[in-house]
Amino acid sequence: MNTPDASRAGVSAVSASEATQSLWLRILVRCLISTAVPLVAVAGTAFFIVGPSAGMSSVFGWLLVALFFGVSLLIGHFAGRSNPSGALGLFAVTYAIKVVGFAAVLFFVGAPSWLERSWFFGAAVGTVVVWQIVEIAVFAGARHQLYDHQSASQTEVDRA
């Protein structure tokens, strides 16, 4: 069978590229920036409508979520350099430890007296939603190296 594109089948206009460098840090930076912009608007609104405690409550909600998710991305960055396939396993273990740790801290320390619960909750939920959208979008756009071409070409040299 001969198709119009058959003559170009061996020629590729797209060149191969390497895996995305420092994926986890890139995700972290993009998530922090993408959630900080709405935070400024929410905290400013809370400050002018209710007062400083509402503005600080919004910032505290964002900070708690950023810390919660940021720790995982930092662990993925440092562990992923030496063991890329083990990074996802570390995410799962880290998640369990963080949930228990954050719950224990919030339970034993309690909420500060200045905390405006509705502004804290709204900022935290909004941050989680935006963070997850950005994290998925950046991860989906990353290039993942499926095969180790250097070790395959080294094997070819070793055979010769």
Flag if S57 is assigned to a helix (DSSP H, G or I) and in contact with a Leu (Cβ under 6 Å, 6 or more places away or on another chain): yes
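Residue-by-condition table, conditions (1) loosely packed, with under 13 Cβ neighbours inside 10 Å; (2) assigned to a helix (DSSP H, G or I); (3) in contact (Cβ under 8 Å) with a residue 60 or more places away in the chain:
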position: W62; (1), (2), (3): no, yes, yes
position: F69; (1), (2), (3): no, yes, yes
position: H77; (1), (2), (3): no, yes, no
position: L88; (1), (2), (3): yes, yes, no
position: T94; (1), (2), (3): no, yes, no
position: F102; (1), (2), (3): no, yes, no
position: L106; (1), (2), (3): yes, yes, no
position: V128; (1), (2), (3): no, yes, yes
position: Q132; (1), (2), (3): yes, yes, no
Matching residues in region 108-123 - criterion: being surrounded by fewer than 14 Cβ atoms within 10 Å (Cβ to Cβ) and among the charged types (D, E, K, R): R117
Report, ordered by the first and then the second residue, all pairs with beta carbons closer than 8 Å, sequence separation of six or more or different chains, a first member in region 8-37 that is over 26 Å from A79 (Cα atoms), and a second member that is modelled with pLDDT of 65 or more and part of a helix (DSSP H, G or I). A36/W62
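Taking the options W131, W114, W119, name whichever one is modelled with pLDDT of 80 or more, hydrophobic (A, V, I, L, M, F, W, C), in contact with a helix residue (DSSP H, G or I) (Cβ under 8 Å, 6 or more places away or on another chain) and more than 21 Å from P38 (Cα to Cα). Walk me through it before giving the result.
On the way: W131 fails: more than 21 Å from P38 (Cα to Cα); W119 fails: more than 21 Å from P38 (Cα to Cα).
Of W131, W114, W119, the one residue that is modelled with pLDDT of 80 or more, hydrophobic (A, V, I, L, M, F, W, C), in contact with a helix residue (DSSP H, G or I) (Cβ under 8 Å, 6 or more places away or on another chain) and more than 21 Å from P38 (Cα to Cα) is W114.
The values are calculated or read from the model by the stated rules, or taken from the named source; none is laboratory data. Note that this is a predicted model, so its numbers are computed, not measured. Neighbour counts are summed over all protein chains in view; Cβ atoms, including those assigned to glycine, are modelled from backbone coordinates with ideal geometry.
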